[in-house]
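Read through the structure below, which is laid out as structure tokens, and then see the notes.
Read-outs throughout are calculated quantities, based only on the coordinates presented, and are distinct from any laboratory measurement. On a predicted model such as this, the values are computed, not experimentally measured, just so you know. Cβ placement follows ideal geometry from the backbone for every residue including glycine, while neighbour counts extend to all protein chains displayed.
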Amino acid sequence: MGTDKNSKPMNDTLGMPNKPVIIRKCTEEDLDGVMQVNLNELPEDYPYFFYKSLLDNFGDAFLVACDQEGKVVGYIMWRVEKVPSVDEFKIYKKGHLVSIAVSKDYRRLGIATTLLTMSMKEIKKYGIDEYVLEVRVSNTPAISLYKKFNFSIHSIKYAYYRDGENAYYMIRKAD
Ligand SMILES: CC(C)(COP(=O)(O)OP(=O)(O)OC[C@H]1O[C@@H](n2cnc3c(N)ncnc32)[C@H](O)[C@@H]1OP(=O)(O)O)[C@@H](O)C(=O)NCCC(=O)NCCS
């Protein structure tokens, strides 16, 4: 696990020489680990078939961070949405960040930064016009992360989450 040509060993400059992590494409065998990280780190959970369908359809942009034993400690997954334009004869394609999470013991080490950097390049290959995402208005770490990647707040989606919290809808043009 983690030694194929798509693996990207992360180096010591990330400040974790004792916790080496590699970032690589997700495989079907990783999905249980991805679901576990999701369960531990986020209130939103999804059924197995949802993860599997993202892997089947947009697998190039579905990445995992794994520790030395191959355990999943982070992931990122995207989908592409096609939206008809109101004022042009064009179908817009949006790269929608479905979910990203990093296990608590591995945070602030640049893992989310690397997951985003690598997966945004991959999802762009689907010919998207923009990157979009929702984030809880209270999620300061994630909002700060997205702003670093030049996402800006486009609007608020009221009571977007099951517990009633609002979401910021954030957008970045795919340049
Ligand atoms: C948000 C999350 C993915 C960041 O992962 P990470 O690997 O720790 O992030 P990085 O180390 O790459 O940090 C990149 C930037 O994110 C922001 N950030 C990350 N953690 C932060 C924190 N606790 N407080 C404020 N900003 C934070 C900073 O801008 C940081 O840049 P800096 O280190 O130069 O200040 C992680 O905190 C997480 O998994 N949270 C729970 C799941 C979640 O909220 N997902 C997003 C759902 S929309």
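Counting only DSSP H runs of at least 4 residues, each contributing -39500 (n - 2.57), and dividing by the residue count of the chain, the helix-based mean residue ellipticity at 222 nm comes to -8000 deg cm²/dmol. In the distance distribution for region 8-173, Cα-Cα pairs more than 26 Å apart total 27 percent.
For the pairs Lys52/Lys147; Lys104/Lys147; Lys82/Lys173; Lys19/Lys52; Lys90/Lys148, note any where the Cα-Cα span goes beyond 26 Å.
Lys52/Lys147; Lys19/Lys52; Lys90/Lys148
Within the same chain, aspartates and glutamates fewer than 8 places from Lys94 are excluded, and of the rest, those with a Cα less than 20 Å from its Cα are Asp56, Asp60, Glu81, Glu122, Asp129, Glu130, Glu134, Asp175.
Here r is the Cβ-Cβ distance between Lys82 and Leu39 and R0 is 25 Å; the resulting FRET efficiency, rounded to 0.05, is 0.25. When each full DSSP H helix of the chain is screened for a Cα extent of at least 18 Å along its own axis and an average Kyte-Doolittle hydropathy of at least -0.5, the helices passing are 111-124.
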